[in-house]
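The block underneath contains the structure these notes are about, expressed in structure tokens.
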Amino acid sequence: KITLKRAGEILLAEAEHVLAVFEGFASKARQIKGEIAGSLLIASIDDADFVRLGNLLASLRDALPLLQAKTRMVLAEDVLDGLVGNAFDAGFYIGPVEHPDLAALPLRTITYCTVAPTALAASIAGAGWRDIAALPWIAAPHRSHVARLLRELFARQGVLPNEAVECDQLPSMLDLVRSGLGLGLVREDLALDAVERGEVVLWPHGRIDGMLSFVYRLARENDPAIVGMLSVVHDHWQLSPRLAG
């Protein structure tokens, strides 16, 4: 038989107390987790894989099982308008968020590159901004983040791109460049993969960065559903305390 000494009896009592306190915390956590119910409509841009939308929804389901999350794919400017107009509860956005009613949780910086059809490789080699602007360009939807980034990129140089074709679906931009219709602004990871496969060529000077953020209304920052969702987003993107603040 095993018997406890006096010191062991004291430690056992302390251990039982700690376990009871811990169980109380765990029970409260489960209770709060079960209380956050309702639905949230999240606006998303670009492709779902890039913003990790599927994994985020799965994390939300696991962390907040009574909270139903729905998504809508829209253009960037429609995300902000929808948040201001209460059409969305939160959303992904690329670019500066300057509206006084909105708050943004920065996620990561995204770089966009200028790519051209392989048939234009000789034309862009050693070309300057005016030469590049004069070539045919594929325009993105006007209210998209890609269109805003393209305008900003060329405005810095005091020239305008020759937008010969308009693409109404951002995921199709790279396909149109491949087909030879013109130059386009494409997310760096997609652009470099296509360059490596020999499908397009890169003009190295046409690069611009944008910040991907998760945006919500300031008036709802204490809403339990929003707080719970932001906690999941924070963990999902493994944000540092500096970025989260």
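Which pairs do you get when a residue that is polar (S, T, N, Q), found in region 165-192, comes within reach of a residue that is modelled with pLDDT under 95 and surrounded by fewer than 22 Cβ atoms within 10 Å (Cβ to Cβ), reach meaning Cβ atoms under 9 angstrom, with the pair 6+ apart or on two chains?
Every condition considered, the pairs that remain are Q169/P141.
Can you say whether G206 is assigned to a strand (DSSP E or B), closer than 29 Å to L40 by Cα and in contact with a Ser or Thr (Cβ under 8 Å, 6 or more places away or on another chain), as far as the supplied structure shows?
no
Anything in region 81-92 that is touching a Gly at 6+ places or on another chain (Cβ under 8 Å) and either small (G, A, S) or within 20 Å of D168 (Cβ to Cβ) (or both)? List them, or say none.
Residues satisfying the conditions are G82, G91.
Exactly one condition in (1) open to solvent by less than 70 Å² (accessible area, probe 1.4 Å); (2) under 26 Å from G198 (Cα atoms); (3) without any contact (Cβ under 8 Å) to a residue 40 or more places away in the chain; (4) not small (G, A, S) is false for V74; which is it?
With respect to (1) open to solvent by less than 70 Å² (accessible area, probe 1.4 Å); (2) under 26 Å from G198 (Cα atoms); (3) without any contact (Cβ under 8 Å) to a residue 40 or more places away in the chain; (4) not small (G, A, S), V74 is out only on (2).
Among the helices (runs of 4 or more DSSP H) confined wholly to region 105-166, which include 1 or more residues that are of a type in the set (S, T, Y) and open to solvent by less than 70 Å² (accessible area, probe 1.4 Å)?
Once the helices (runs of 4 or more DSSP H) in region 105-166 are filtered for at least 1 residues that are of a type in the set (S, T, Y) and open to solvent by less than 70 Å² (accessible area, probe 1.4 Å), what remains is 121-124.
Which pairs turn up if I take residues in region 106-119 that are touching a residue at least 24 places away in the same chain (Cβ under 8 Å) and look for partners that are outside any strand (DSSP E or B) and among the polar types (S, T, N, Q) with beta carbon separation below 9 Å, at least 6 apart in sequence or on another chain?
Hits for this filter: A116/S123; P117/S179.
Out of curiosity, is A37 modelled with pLDDT of 95 or more, over 16 Å from the mean Cα position of the chain (by Cα) and open to solvent by 50 Å² or more (accessible area, probe 1.4 Å)?
In short, no.
Looking at G198, G182, G126 in this structure, which one is farther than 29 Å from G91 by Cα, modelled with pLDDT under 95 and of a type outside the set (F, W, Y)?
G126
Of these, V232, V201, which one is in a strand (DSSP E or B) and in contact (Cβ under 8 Å) with a residue 40 or more places away in the chain?
V201
The values are calculated or read from the model by the stated rules, or taken from the named source; none is laboratory data. Note that this is a predicted model, so its numbers are computed, not measured. Neighbour counts run over all protein chains shown; Cβ positions are idealised from the backbone, glycine included. Each accessible area value is taken on the protein alone, full model and side chains, heavy atoms only, with ligands, DNA and RNA left out. Shrake-Rupley method; radii C 1.70, N 1.55, O 1.52, S 1.80 Å.
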